[in-house]
Amino acid sequence: MTYLQQFFSNRLIGVSALAWLIAQLIKIIIDLVKNKTIDIRLITSSGGMPSSHSSFVTSLATSVGLTNGFDSVDFAITFVLCMVVMYDAAGVRRAAGKQAAVINDIAAIMENYGFRMDENLKELLGHTPVEVTAGAILGIGLSIVMNLFVFR
């Protein structure tokens, strides 16, 4: 089996990718309900409810734990990765989004003085703790269902 075949047949990667995709589709559905239009660009967007980053890494960590044991080195590595990604999503990237909003506000004021930015900075970068938690629940739940019922 080639490396590419091994990659695409890895069920842990598949479950994680599915968790990410479902989270992104939920964002599109939430936006559809709010705005009555479908914005397909949300499929690759960051920020919003639920956190696809959180669903992606918690699905991986849960799958590794279920496959290799929750006392394995593999699980420890994926768990630590998971904590770093979720902390970053709710902390660093959220703070960067708040800074972008302030810069956009300042740029809007400065337009009165001839200053123009080519485009506004993206403000929706990070997540609230609720969005991170929702993504984590989605990732863990999907991983449990897939590993205990589908892959058996």
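Here, each number is a calculation from the coordinates, and none is a lab measurement. Just so you know, these numbers come straight off a predicted model, no measurement behind them. Every residue, glycine among them, receives a Cβ derived from its backbone with ideal geometry; neighbour counts consider all protein chains shown.
For region 68-121, divide the Cα radius of gyration by the Kirkwood radius and give the resulting Rg/Rh value with two decimals.
Details: Rg = 19.7 Å, Rh = 14.0 Å.
Radius of gyration over Kirkwood radius for region 68-121 works out to 1.40.
Quick one: helix 129-145 against the long Cα principal axis of the chain, what's the angle to the nearest 10°, folded into 0 to 90?
20
So what is the relative contact order for the chain, in percent, with contacts set as C-alpha pairs under 8 Å and at least six apart?
Numbers: 205 pairs, mean separation 47.5, N = 152.
With pairs under 8 Å counted, the relative contact order is 31 percent.
Sort 60-70, 45-55, 108-118, 24-34 for me by packing, meaning the mean count of neighbouring Cβ atoms within 10 Å per residue, highest on top.
On the way: 60-70: 20.2, 45-55: 23.6, 108-118: 9.0, 24-34: 14.6.
Highest-to-lowest ranking by the protection proxy: 45-55, 60-70, 24-34, 108-118.
If you take the beta carbon distance between ILE30 and ILE103 as r and set R0 to 41 Å, what does 1/(1 + (r/R0)^6) give as a FRET efficiency, to the nearest 0.05? Kindly include the intermediate steps, with their values, before the conclusion.
Numbers: r = 27 Å, r/R0 = 0.65.
Once rounded, the FRET efficiency stands at 0.95.
Average projected area of the Cα convex hull of region 42-102, in nm²? Mind showing how you got there, number by number?
Numbers: hull surface 18.5 nm².
Its Cα hull, projected and averaged over all orientations, spans 4.6 nm².
Ratio of region 57-152's C-alpha Rg to 2.2 N^0.38 Å, to two decimals? Please report the intermediate quantities before stating the final value.
Details: Rg = 19.6 Å, N = 96, 2.2 N^0.38 = 12.5 Å.
Rg over 2.2 N^0.38 Å, computed on Cα atoms: 1.57.
List the extent of the Cα atoms of region 1-116 along each of their three principal axes, largest first, rounded to whole Å.
61, 31, 29
Report P(r) for region 1-60: all Cα-Cα distances, bin width 5 Å, range 0 to the bin holding the largest distance, values in whole percent.
4, 21, 22, 18, 14, 11, 6, 4, 1, 0
What is the sum of charges around SER52, taking Lys and Arg as +1, Asp and Glu as -1, for the other residues whose C-beta is under 11 Å from the C-beta of SER52? Don't skip to the end; give the middle numbers.
Working: positive: LYS27; negative: GLU131.
My count for the surroundings of SER52 gives 0.
Can you give the calculated 222 nm mean residue ellipticity of the chain, where each DSSP H run of n ≥ 4 adds -39,500 (n - 2.57) and the sum is split over every residue, rounded to the nearest 500 deg cm²/dmol? Let's see the in-between values first.
Numbers: 6 runs with 102 residues, N = 152.
It comes out at -22500 deg cm²/dmol, rounded to the nearest 500.
Could you work out how far apart the two model spin labels at ASP71 and PHE115 are, taking each label as a point 7 Å from the Cα in the direction of the beta carbon, and quote it in nm?
Computed distance between label sites ASP71 and PHE115 equals 6.0 nm.
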